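Everything on this sheet refers to the single structure shown next.
The values are calculated or read from the model by the stated rules, or taken from the named source; none is laboratory data. All values derive from a computational prediction rather than experimental measurement. Here Cβ is always computed from backbone atoms with ideal geometry, including for glycine, and neighbour counts include all displayed protein chains. Just so you know, the surface numbers come from the protein's heavy atoms only, side chains and all, with ligands and any DNA or RNA stripped out. Shrake-Rupley method; radii C 1.70, N 1.55, O 1.52, S 1.80 Å.
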Amino acid sequence: MLHYINQAGSHADRIVALTGGQVVADGTPMEILTLPTLLDIFGFEMRVEMIDGYPTLLLFR
């Protein structure tokens with residue numbers, strides 16, 4: 001189990017995202033690490049870039 005989303009995105013075959021103990025997303029990193037899915041999970045805008053062939057989150061505040 002990983003809580004560091006970028007590490008999970010580059011090493012995991014499957015990601016299961018939980019919010020409030022409930023599964024809100026389940027799929028491959030390419031399916032889960034998308035702007036619409038991440039906005040639903042985290043509730044704020046971020047950027048997703050492909051780095052070394054893996055989706056990577058970039059946070060801006």
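Tabulated results
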item: Matching residues in segment 1-20 - criterion: being on the phi > 0 side of the Ramachandran plot and assigned to a strand (DSSP E or B); result: none
item: Number of the condition not met by Gly20 [criteria: (1) modelled with pLDDT of 95 or more; (2) open to solvent by 50 Å² or more (accessible area, probe 1.4 Å)]; result: (1)
item: Residues within segment 23-35 that are outside any strand (DSSP E or B) and either surrounded by 14 or more Cβ atoms within 10 Å (Cβ to Cβ) or over 10 Å from the mean Cα position of the chain (by Cα) (or both), tallied; result: 4
item: Residue in segment 40-61 that is in a helix (DSSP H, G or I), exposed (fewer than 12 other Cβ atoms within 10 Å of the Cβ) and modelled with pLDDT of 90 or more present; result: no
item: Hits in segment 12-24 (condition: closer than 20 Å to Leu59 by Cα and either of a type in the set (A, V, I, L, M) or free of Cβ contacts under 8 Å to residues at least 12 places away in the same chain (or both)); result: Ile15, Ala17, Leu18
